[in-house]
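Report on the following structure.
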Amino acid sequence: MSERVGMEIALAAAETVALCRPDVIAAYPITPNTHIPEHLSDIVAEGRLDADFICVESEHSALSACCGASGAGARAFTATSSQGLLYMAEVVPIVSAMRLPIVMIIGNRALSGPINIWNDHSDIMSQRDVGWISMFAANGQEVVDMTVQSFKIAEHRDVMLPVNLNLDGFQLTHVVEPMLFPSQEEVDAFLPEYEPYAAVHPDNIVSMGTLALPEIFNEVMKAKDEVLKDSKKVILEVWKEWEEKFGRTYKPVESYKTEGAEILLLAIGSMAETAEVAIDELRDRGMPVGLLKLRLWRPFPFEEIRNAVKDVKAIAVLDRAVSFGGPGGPVFSEVRSALYDEKVRPTIISEIIGLGGRDVPVGDFIKIAEKAARVAKTGPEEEYEIFGVRGS
Amino acid sequence: MIEIRWHGRGGQGAVTSVEMLALAAIEEGQYAQGFPSFGPERRGAPVAAFNRVDNKHINVRSGVYDPDVVVVLDPSLVGLINVTEGLKQSGVLVVNTSKSPEEIKEEVQFDGAVAAVDASRIAWDELGVPITNTTMLGAVIKATGLIKLQSAKSPLEHRFGRVAQKNIKAMERAYNELKIATAN
Amino acid sequence: MEKAKKWPEDWQEIIPGCMVFRPGSAREYHTGSWRAQRPVYDNSKCIKCGMCYIFCPEGCISQDADGYFIADLDYCKGCGICAHECWPGAITMVEEG
């Protein structure tokens, strides 16, 4: 029976990871993620979880240790943010290439410099092309649910890919709120014991982490791409099973008040929840505006995006990261790319908000929706906008 | 939805206050958020922490700009910072002070309700330390009626273990000794 | 040992993670096949110090039952390091062919 508990979301994430019975946790704490590895180490030290907690000296070692552990058949977990993710970046694409189902929780934080410990998505957006499954949680309940789902998706024999689960640093990690926690029995029933495809052992001869010449590399990359795209089937199955067991729905793209909408906001992460308040207010004023909340980032939900924007005149895509000198926000550029070949395309604008933890109140979402309504008639005013910057 | 801003100094337990209030509301079956002003703070620096309480899921996750309640844990902050910034006229300012609520009302020039209790003295009496976070919890509960005093006991017991009863006593005293100057 | 296909033809045949399940395939590749010179041991000079075994970059020198050393000519590339390092001068490099 699920228990309703108030807890800091980062601690809740750690408690949920413990429910998933990982064998090895190798993690290095970094603000704002600190409570996840710290609390997990407490749980292991208290004897509540039978796992090996490896106190590594860096994030590079954290992911490397997970790699070795997973290669030996262990269920492995790590967590990081920002510079920590960059420090382990060398190992990140290797994990997916080796098809090791490591789960990583990222407390999204701005990349340095200048040094900034607060929330934005520049860290995960720097790791777009690495072949991991990537999902975003918008509130505490989603963090709990999607943590359990991540292990199941990752370890599925048709997937065997690492998964990163993203939650906004501070905006989510440091907030105390109520969540429903599944019981240990419920998690055990949902998430069976890990059965690795292969595990390094003296009795099982296998080499992992091999070399590939140009003559075969393209085929390997094609195989990697196909398996990531195909993983969507399993993700949807796992979400369906979750809904049946726990009554909570998960879709790659969630719609909020989109019926009859001519203008849409599209957001990813916890800012999507604040945007709902703006949508409510604008709808009360009679504006036909709705919201799309992106939950699945990789594999990118092309079909769901295309279906969601069919009768819409303009979309404002909200990003918490910017590609300097490039096409604006990463979510924006991918959404625009997804819609390029459609016969009827809405006007799409890129609004970059909340960099480095800058607060984005409800009023800003309203202003952006009003801008989208304006450009629906006049066309985009610029390539992209870093919203709310003083001095423009 | 009720929004609360707490003012304290780093090390005075403002973050614990918001956590206790959030957990108490959640125990009652309400929805609550409790969060600090994000980031590192050195001891003694003015800090803020926030609560939101509602009877349904709270989806706003930006900062609190126009709170319904402002709580001041340290008397020295009144006058140092604008504690009533954004505070709704229909709201209430709850202050730890040895002055009367009328005096505080005059000082901060606030037309709404002001509540005052000498939480520092209560904390010294009951806890032996001038940490007023749990004491002021009683003041907030009395001033707002947001949750039942009873609901705060379990989170305090869980959090403070051996010293929980002292903290609960301090909270109850503040609840009983709070004085309120009503709105104009 | 059976000679496996050099590599899979189609992407569908790629083993997940490019894992290799057939051990010791390096053994099939006789690196000694292009040797220009080979080491010849004069065991009367050999003091059984083992330096040739330690220095051989191919790792193909081994000790026989009497404690003398011999290079496996399937893998010996004839680099001459063993002869260079053998200070009693027990090893001479001799041209092939």
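Couple of notes before you dig in:
- Within the protein assembly as shown, the proportion of C-alpha pairs whose separation exceeds 36 Å stands at 51%.
- Which listed pairs, of A:Lys152/A:Lys293; A:Lys222/A:Lys251; A:Lys229/A:Lys371, have C-alpha distances above 28 Å, in listed order: A:Lys229/A:Lys371
- Ordered by the number of other Cβ atoms lying within 10 Å of each residue's own Cβ, fewest first, A:Tyr28, A:Tyr340 fall into the sequence A:Tyr340, A:Tyr28.
- Segment A:335-392 and segment A:189-259: distance between their alpha carbon centers, rounded to Å: 33 Å
- Once the C-beta distance of C:Trp34 and A:Asp225 is scaled by a Förster radius of 45 Å, the resulting FRET efficiency is 0.70 to the nearest 0.05.
- The GNM of chain A, with springs linking C-alpha atoms under 10 angstrom apart, assigns the highest mean-square fluctuation among A:Asn164, A:Asn33, A:Asn204 to A:Asn204.
- Efficiency of FRET between A:Asp129 and A:Ala189 - r from beta-carbon atoms, R0 45 angstrom, step 0.05: 0.80
- Within 10 Å of the Cβ of each residue in A:118-131, the mean number of Cβ atoms contributed by other protein chains is 0.
- Kirkwood hydrodynamic radius of chain B, Cα pairs, Å: 16.0 Å
- Nearest-0.05 FRET efficiency for A:Phe302 and B:Lys56, computed from C-beta distance (R0 30 Å): 0.30
- Once the convex hull of all Cα atoms in segment A:233-277 is built, its volume per residue stands at 110 Å³.
- With the gyration tensor restricted to C-alpha atoms of segment A:253-386, the semi-axes of the equivalent ellipsoid amount to 19, 18, 15 Å, longest first.
- Contact order, relative form, for segment A:258-335: 36 percent (alpha carbon pairs under 8 Å, 6 or more residues apart, mean separation divided by residue count).
- Label zone at C:Asp66 (point 7 Å along Cα-to-Cβ), backbone N below 17 Å, segment C:25-41: C:40-41
- For segment C:30-95, relative contact order (Cα pairs under 8 Å, six or more residues apart, normalised by length) works out to 49 percent.
- Sum of side-chain charges, A:Leu339 neighbourhood, beta-carbon under 9 Å (Lys, Arg +1; Asp, Glu -1): +1
- Relative packing of peptides B:85-92, A:182-189 - highest average C-beta neighbours within 10 Å first: B:85-92, A:182-189
- Lone cysteines, chain C (no partner Cβ under 4.7 Å): C:Cys18, C:Cys46, C:Cys49, C:Cys56, C:Cys60, C:Cys76, C:Cys79, C:Cys86
- Qualifying GluC sites (Glu not before Pro) for chain C [loop in DSSP, other Cβ within 10 Å: at most 13]: C:Glu2, C:Glu9, C:Glu96
- One Cα centroid belongs to segment B:115-182, the other to segment A:142-163; the line between them spans 44 Å.
- Within straight-line reach of A:Lys224, meaning a Cα separation under 15 Å, sit the following aspartates and glutamates at least 8 residues removed in sequence or on another chain: A:Asp129, A:Asp158, C:Asp10, C:Glu13.
- Modelled label positions at A:Ile205 and B:Ala45, each set 7 Å beyond Cα in the direction of Cβ, lie 6.1 nm from each other.
- Comparing mean-square fluctuations of B:Asn59, B:Asn133, B:Asn82 from a GNM of chain B with C-alpha springs under 10 Å, the top value falls on B:Asn59.
- Percent of alpha-carbon pairs separated by more than 41 Å within chain A: 12 percent
- Calculated [θ] (222 nm, deg cm²/dmol) that DSSP helices of n ≥ 4 give over the protein assembly as shown, each run adding -39,500 (n - 2.57): -10500 deg cm²/dmol
- Shielding value for B:36-45 is 3, the average number of Cβ atoms from other chains within 10 Å of each residue's Cβ.
- Compared with the dominant Cα axis of chain A, that is its longest principal axis, helix A:330-339 is turned about 70°.
- A rounded overall shape is assigned to segment A:34-169, the ratio a/c of its alpha-carbon gyration tensor axes (a ≥ b ≥ c) being less than 1.5.
- As a proxy for reagent exposure, C:Trp34, A:Trp297, A:Trp239 were ordered by neighbouring Cβ count within 10 angstrom, fewest first; the result is C:Trp34, A:Trp239, A:Trp297.
- Projecting label points 7 angstrom from Cα along Cα→Cβ for A:Glu383 and A:Ile115 puts them 3.2 nm apart.
- Along the axis of the charge dipole computed for segment B:99-184 (Cβ charges of +1 for Lys and Arg, -1 for Asp and Glu, origin at the Cα centre), the listed residues B:Gln150, B:Ala119, B:Pro130 are led at the positive end by B:Gln150.
- Inter-chain Cβ neighbour average for residues B:56-68, partner chain, 10 Å: 6
- Helix A:214-246 vs. chain A, principal-axis angle (Cα, 0 to 90°, nearest 10): 80 degrees
- Partners for B:Lys142 among lysines (Cα-Cα distance below 20 Å; same-chain residues under 8 apart left out): B:Lys88, B:Lys99, B:Lys105, B:Lys153, B:Lys166, B:Lys169, B:Lys179
- Degrees between helix A:362-378 axis and first principal axis of chain A (Cα, 0 to 90, nearest 10): 60 degrees
Readers should treat all values here as calculations from the given coordinates under stated rules, not as data from a laboratory. This one's a predicted model, so the numbers in the text were calculated from it and none came from an experiment. Cβ atoms come from the backbone with ideal geometry, glycine included; neighbour counts cover every protein chain shown.
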